[in-house]
Amino acid sequence: MSENPLSNYFRTPAIYIKLPSNGKFYPKGALKMTKNKELPVYPMTAIDEITYRTPDSLFNGTSIAKVIESCVPNIKDGWAVPNIDLDTILAAIRIASYGHTMDIATECPKCKETLDYGLDLRTVLEGLDEGDVVDEVSVGDLEIHIRPLSYKEVNEGSMVQFEEQKVNQTLNDANMTEEDKLKILSQTFEKISRMTLDTLSKSIEYVKTPETVVDDQKQIHEFLTNCDRNIYTKIRDSVSNLREKNVLKPLHIVCGECQHEYDQPFTLDMSNFFG
């Protein structure tokens, strides 16, 4: 098959990134790492834009996974991306596709003036540099190896939380008895507790004892259910520290009207990030 004479007009990499994870935590075949550990990021195609604007696929996460695979072709499985890499990848795709400036709507808490803050996404990337990832915690003679959740696992947890929010909205029903409301609250609390334990369990890759290595998820889940609270707390805090390694810093904003300075939390909301 002859080469397409239009191939010189195909998209080319617009930016190169290093992953905060340094390529760790990806299952075999999910990532093709380059020698210098810099991954090329391409602008979105028209098909990519159509994909992420599809409400159903955006809600269930499919569109984001597909756009990641399209724009960062070295990532073969967008669902497998560790959550500590996600913001870096999304910011890079946004820069490659639309440029490095992104407008953020913000309201001054003092004078209530609504402002458009021009965010330079390059500074976001600088704050999400790769580095050493502490993925082991020692408790007595146990070595517990933890990992960040994948995008698929994070998305599944978000969908569960969304369903729980819908259930909680029924508590505002004036026709519902107090007994029924208490029953729903109790059920919701149990589900949240179970989800928290499940999430922590998934964050443990394996536990090494002096005699053996345990990587069976059911056995790890049983261990978390029955271990001493001090052990549980240390594991939970270590997992939280790993998850928060690349949490986006709040934006420091000076109000153009009253000069009041304040910090506004900033997240890369996937539903409107590329709009």
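Throughout, read-outs are computed from the coordinates displayed, never taken from laboratory work. Since this is a predicted model, take the numbers as computed values, not measurements. Here Cβ is always computed from backbone atoms with ideal geometry, including for glycine, and neighbour counts include all displayed protein chains.
Tabulated data for the structure shown
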item: Approximate spin-label separation D141-V214, in nm, with each point projected 7 Å along Cα-to-Cβ; result: 1.4 nm
item: In Hz, Karplus ³J(HN,Hα) per residue of the stretch 186-200 (6.51, -1.76, 1.60; θ = phi - 60°; x = Gly, Pro); result: 5, 5, 5, 4, 5, 5, 5, 4, 5, 5, 4, 5, 4, 5, 5
item: The chain: C-alpha pair distances exceeding 29 Å, %; result: 47 percent
item: Reach of K18 by Cα under 14 Å, taken over aspartates and glutamates that are not fewer than 8 positions away in the same chain; result: E38, D85, D87, E126, D129, E130, D132
item: Relative contact order, percent, the chain [alpha-carbon distance under 8 Å, six or more residues apart]; result: 18 percent
item: Value of [θ]222 nm, deg cm²/dmol, for the chain, DSSP H segments ≥ 4, -39500 (n - 2.57) each, nearest 500; result: -13000 deg cm²/dmol
item: Full-extension gain in nm, E257 to C111, via 0.36 nm per residue minus C-alpha separation; result: 51.8 nm
item: Inter-site label distance for R122 and M33 at 7 Å from Cα along Cβ, in nm; result: 2.8 nm
item: Among G29, G78, G99: highest mean-square fluctuation, GNM of the chain, C-alpha pairs under 10 Å; result: G29
item: Sum of side-chain charges, S201 neighbourhood, beta-carbon under 14 Å (Lys, Arg +1; Asp, Glu -1); result: -2
item: No Cys partner within the rule (Cβ under 4.7 Å), the chain; result: C71, C227
item: Debye log10 I(q)/I(0) at q = 0.14, 0.18 Å⁻¹ for the stretch 136-243, Cα point scatterers; result: -0.65, -0.90
item: Most fluctuating residue given options I75, I93, I47, as computed from a GNM of the chain linking Cα atoms under 10 Å; result: I47
item: Sorted by Cβ neighbour density within 10 Å, fewest at the top, the residues M102, M195; result: M195, M102
item: Contour excess over end-to-end distance, with Cα ends at I47 and I192 and 0.36 nm allotted per residue; result: 48.4 nm
item: Gaussian network model of the chain, springs between alpha carbon atoms under 10 Å - residue of V124, V239, V139 with greatest fluctuation; result: V139
item: Distant-in-sequence amide H partners of L251 (H built 1.01 Å from N, under 5 Å); result: Q264, F266
item: Restraint check, K32/K191; K24/K249; K24/K208; K181/K218; K191/K234, Cα-Cα greater than 28 Å; result: K32/K191; K181/K218
